[in-house]
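Here, each number is a calculation from the coordinates, and none is a lab measurement. Nothing here was measured: the structure is a model prediction, and the numbers come from that model. In this analysis, Cβ positions are derived from the backbone assuming ideal geometry, glycine residues included, and neighbour counts consider all displayed protein chains.
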Amino acid sequence: VQTLYAELPGMTLTEARAVLGPTLQLAAATLNGAVGEENVQAVQGALAERIRRYTDERVMDPHLSAETIAAAFGISIRKLYQCFEHHGGVIAYIQRKRLRLAQTAITDPTQRHRNIQDIAEEFGFLHRKNFISAFRREFGITPREARAFVSEVRRNGLPVAGKDLAMWNWIRDLR
């Protein structure tokens, strides 16, 4: 509730209206000391958000797993999987977060001297081929192509944004 209160001045009217119902449901569940059928969705949404924040804060922990997350919240693995269902699962969520961090390091000009495999290992990808495959699935290009593309764009004095990497396939096909 404190976070919501702090964020309220920056919210649009539509956003404020969207959080009003779930916030009232959470308050009702808290005051009633039990989760009624009408409050289940709001409580589950709040729990899922807490779990995502917890996971984001510990994404680089090599021991982070579905089991450790479920244990930290005192919930079953099945319940945890339900929380991450629309993210493709808890493991997929963690992998996607780590891939984005790795992609940032690979395309960072100050990290140009570092070997891509060393960066991959830093972010928990111990097998080269698995990392390259996962990276390609997520971004549409290999890590080496991403690094080359960003270097080329920067060499031409253009700004680089994450969405620009998706254009690499189109540019590569033109060559």
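Using a simple spin-label model with pseudo-atoms 7 Å out from Cα toward Cβ, residue 11 and residue 57 lie 2.2 nm apart. The Rg/Rh ratio for segment 75-154 is 1.07, where Rg is the radius of gyration of the alpha carbons and Rh is the Kirkwood radius.
Here the Karplus curve 6.51 cos²θ - 1.76 cosθ + 1.60, taken at θ = phi - 60°, turns the phi angles of segment 106-113 into couplings of 5, 8, 6, x, 6, 9, 4, 6 Hz, with x standing for Gly and Pro. Length gained on full extension, residue 126 to residue 50, computed as 0.36 nm times the residue gap minus the Cα-Cα distance: 24.5 nm. With a Förster radius of 35 Å applied to the C-beta separation of residue 71 and residue 101, the computed FRET efficiency comes to 0.90. Under the combined filter of DSSP loop state and at most 13 neighbouring Cβ atoms within 10 Å, segment 51-97 retains none of its chymotrypsin sites (Phe, Trp or Tyr not before Pro).
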